[in-house]
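To keep things clear, I will list the structure first and then write my remarks on it.
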There are 2 protein chains.
Amino acid sequence: MSLLIVGSVALDEVETPFGKTGRILGGAGTYISLAARHLVKEIHLISVVGGDFPQKYLDYFRHRQIDLTGLKIEEDEKTFFWAGRYHDDMNTRDTLVTELNVLAGFNPVVPPNALHADFLMLGNLTPAIQKGVIQQMKTRPKLIAMDTMNFWMHTAWDDLLEVISMIDVLTINDEEARMLSGEYFIKKAAQKILAMGPKYLIVKKGEHGALLFDKDNAFYAPAMLLDQVVDPTGAGDTFAGGLMGYLASQGEVSFHHIKNAMVYGSVLASFTVEGFGTDNLLKITQKDIQKRLDEFVAVASFRL
Amino acid sequence: MSLLIVGSVALDEVETPFGKTGRILGGAGTYISLAARHLVKEIHLISVVGGDFPQKYLDYFRHRQIDLTGLKIEEDEKTFFWAGRYHDDMNTRDTLVTELNVLAGFNPVVPPNALHADFLMLGNLTPAIQKGVIQQMKTRPKLIAMDTMNFWMHTAWDDLLEVISMIDVLTINDEEARMLSGEYFIKKAAQKILAMGPKYLIVKKGEHGALLFDKDNAFYAPAMLLDQVVDPTGAGDTFAGGLMGYLASQGEVSFHHIKNAMVYGSVLASFTVEGFGTDNLLKITQKDIQKRLDEFVAVASFRL
């Protein structure tokens, strides 16, 4: 089935205890689509870049048959740029530079070949833009998932609640779940958030895994145990890409399917954080993924 | 099989966002033995209390057939007393009072009826005392587990390393694993710690679950999802009690058995934190435990 992805395509500059990159490929839409591409064939990416966006990065997508009909290139503008520095614990970071550039005027238009996409993933963006994309769809996708962040809870509360009421899966981190619900304990927070509209809530806890909730069930997916984390940038978006790529490849949606999709998401995210930027997402093979899935099953399974 | 437990029996005073207790029953030895007692019959507890220790608390143990031959009552002294206040997040606390009292001169003597105990659990104590208990055993237990804390890494490093080299299972939290190994990433930390002697390492991560390592394998046990946490005191010791109670009830030790033991430990700990002190450990039934085990399996299981 087809997967439509809306999200930023950016240039990033990242510093971690393991090193510092120059300007490299980044952005939510980038990580989501490169991750999903390992699991599903038909992917449409909607985003915008400036005239400074390197041709070789465009080729990364094109060589992977990710459809860029919906990627606008504003030749006279500059690509969204983000620079950040991670602390030694890799769990906290300082944003050094955020230049919205071309993203400031981003007004996504769903191209004709994606108006009936089966699955829709809305990367973290202004809620009003996320809503606009949903409204453009000619048929309601089988599943709409969205990511968001605390920033929109402070600046666009009403819009955020409206788009949350229109979707099926919300992915946020634990702090954001607390902020959105006003509840400290995640189990209670989840029920409040589900009452806002989504059928499923995924709470991302970074190195501590991720939780899935619907009204009646919960699932705790541990994170992969890694020798080291080199650069956490893109982990959440890679997770979302793996999640939606798996679901689109299966074509079915249920609590069971989403559980498995989270395992794929965790496995793909584990590759991302072991290298800088998209290095590993661009490099890994089906065999690498299968090997790590086996490891995941071994680490997370028990039989009483 | 029989389980010998060495650990503090204390009076605690706890304040959390949910309320404040008076002086209540506490201590590592208390939580470990009350938890283990739900899973195994023959338990010997070695500890020491003062003349102020309430008879009704002694009865809690006696009514549960926990053997107190090794519990010394120093009539002229006072029981170990600890008071603490938890912050709103329940993950951090301030220690308000620590009065070692009778615990300062604690010199555990293994009573004759426990010299051949099959399983030995050493609660957090001075490493030299833990070592002394191991040396008193007439036959080497099938499994020796010990808990410790960062304090001994600062004050009794050599003794700590010596006792760690004598045991089979070490249980510590993630920060302590980092401190003990000098490694930030837990997977690497685990291999360094296993090289110090223990066959198994359990890293406790509180609300994020617990990890088990041996040289070749890893297992990630999630924590139960709870509506709320009322008082985290004793969670780690309850976990250890469930762990060792289960293993003693099975009589066998393997990676597989320890995985399952961790599930029992997590389930019992979940009851402890839902109430103040030992309230819930004293109250729960086999049916309660089984129900929560079923919930745990539902939340932690998947089938790719």
message = For the stretch A:102-143, take the convex hull of the Cα atoms, compute a quarter of its surface area, and give me that in nm², please.
response = 3.1
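Just order A:268-274, B:36-42, A:291-297 by mean Cβ neighbour count inside 10 Å, highest at the front, would you? Write out the running numbers ahead of the final one.
Details: A:268-274: 25.1, B:36-42: 21.9, A:291-297: 16.1.
Packing order, densest peptide first, comes out as A:268-274, B:36-42, A:291-297.
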key: Averaged over B:271-278, number of beta-carbon atoms from partner chains that fall within 10 Å   = 0
request  = Among B:Gly105, B:Leu293, B:Ile164, pick out the residue whose Cα is farthest towards the positive end of the charge dipole of chain B, where Lys and Arg carry +1 and Asp and Glu carry -1 on C-beta, about the Cα centre.
outcome  = B:Leu293
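At a threshold of 8 angstrom on Cα-Cα distance, excluding pairs fewer than six apart, so keeping six or more, what relative contact order does the stretch B:1-83 reach in percent?
Values: 166 pairs, mean separation 29.8, N = 83.
That works out to 36 percent.
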key: Per-residue mean of C-beta atoms belonging to partner chains within 10 Å, peptide B:221-229   = 5
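So if the hydrodynamic radius of chain B is defined as the Kirkwood radius over C-alpha pairs, what does Stokes-Einstein give as its diffusion coefficient at 20 °C and 1.002 mPa s, in µm² per second? Please list the in-between numbers first.
Numbers: Rh = 19.2 Å.
Reported coefficient: 112 µm²/s.
Size of the dipole of the protein assembly as shown about the Cα centre, Lys and Arg at +1 and Asp and Glu at -1 on the beta carbon, nothing else charged, in debye to 20? Spell out each step's value before the answer.
Working: 58 positive and 74 negative charges, 358 e Å.
The dipole of the protein assembly as shown has a size of about 1720 debye.
Give the percent of DSSP beta bridges with both residues in the protein assembly as shown that are antiparallel, rounded to the nearest 5.
On the way: 38 of 100 bridges.
Looking only at bridges with both residues in the protein assembly as shown, the antiparallel portion is about 40 percent.
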task = Mind listing the long-range amide H neighbours of B:Leu143? Cut-off is under 5 Å, sequence gap 5 or more, other chains count too, H placed in the peptide plane at 1.01 Å from N.
result = B:Leu120
remark   = Two pseudo-spin positions, 7 Å from Cα along C-beta at B:Glu75 and at B:Lys41, lie apart in nanometres by 3.5
inquiry  = At a 10 angstrom cut-off on C-beta neighbours, averaged per residue, how do the peptides B:133-142, B:164-173 rank from highest to lowest?
reply    = B:164-173, B:133-142
key: Student exercise, chain B dipole from Lys, Arg, Asp, Glu Cβ charges, in Debye to nearest 20   = 920
ask   = In the protein assembly as shown, with Lys and Arg counted as +1 and Asp and Glu as -1 at Cβ, which of these residues, B:Gly234, B:Val263, A:Phe239, has the Cα nearest the positive end of the dipole, that is, farthest along it?
value = B:Val263
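Could you work out the relative contact order of the stretch B:2-300, using alpha carbon pairs under 8 angstrom and six or more residues apart, expressed as a whole percent? Mind showing how you got there, number by number?
Details: 647 pairs, mean separation 52.4, N = 299.
Relative contact order of the stretch B:2-300: 18 percent.
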task = Compute the separation of the alpha-carbon centres of the stretch A:108-162 and the stretch B:215-291 and state it in Å as a whole number.
result = 42
ask   = Which peptide among B:207-217, B:63-73, A:6-16 comes first, and what is the full order, when sorted by highest mean count of other Cβ atoms within 10 Å?
value = A:6-16, B:207-217, B:63-73
query = In terms of modelled amide H atoms, which long-range or inter-chain residues lie less than 5 Å from the amide H of B:Lys72?
reply = B:Ser47, B:Val48, B:Val49
Teacher prompt: A:Lys287 distances to equivalent labels in other copies, 7 Å Cα→Cβ, nm = 5.6
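Among the listed pairs A:Lys142/A:Lys215; A:Lys188/B:Lys291; A:Lys41/A:Lys205; A:Lys205/B:Lys192, give every one whose C-alpha distance is greater than 22 Å.
Details: A:Lys142/A:Lys215 19 Å; A:Lys188/B:Lys291 20 Å; A:Lys41/A:Lys205 29 Å; A:Lys205/B:Lys192 26 Å.
From A:Lys142/A:Lys215; A:Lys188/B:Lys291; A:Lys41/A:Lys205; A:Lys205/B:Lys192, over 22 Å: A:Lys41/A:Lys205; A:Lys205/B:Lys192.
To the nearest 0.05, how large is the calculated FRET efficiency for A:Lys56 and B:Ala128 if R₀ is 45 Å and r is the Cβ-Cβ distance? Don't skip to the end; give the middle numbers.
On the way: r = 63 Å, r/R0 = 1.40.
The value I calculate is 0.10.
Just so you know, all these numbers are worked out from the coordinates, no wet-lab data involved. Fair warning: this is a prediction, and the values are worked out from it, not measured in the lab. Glycine also receives a Cβ, built like all others from the backbone with ideal geometry; neighbour counts cover every protein chain displayed.
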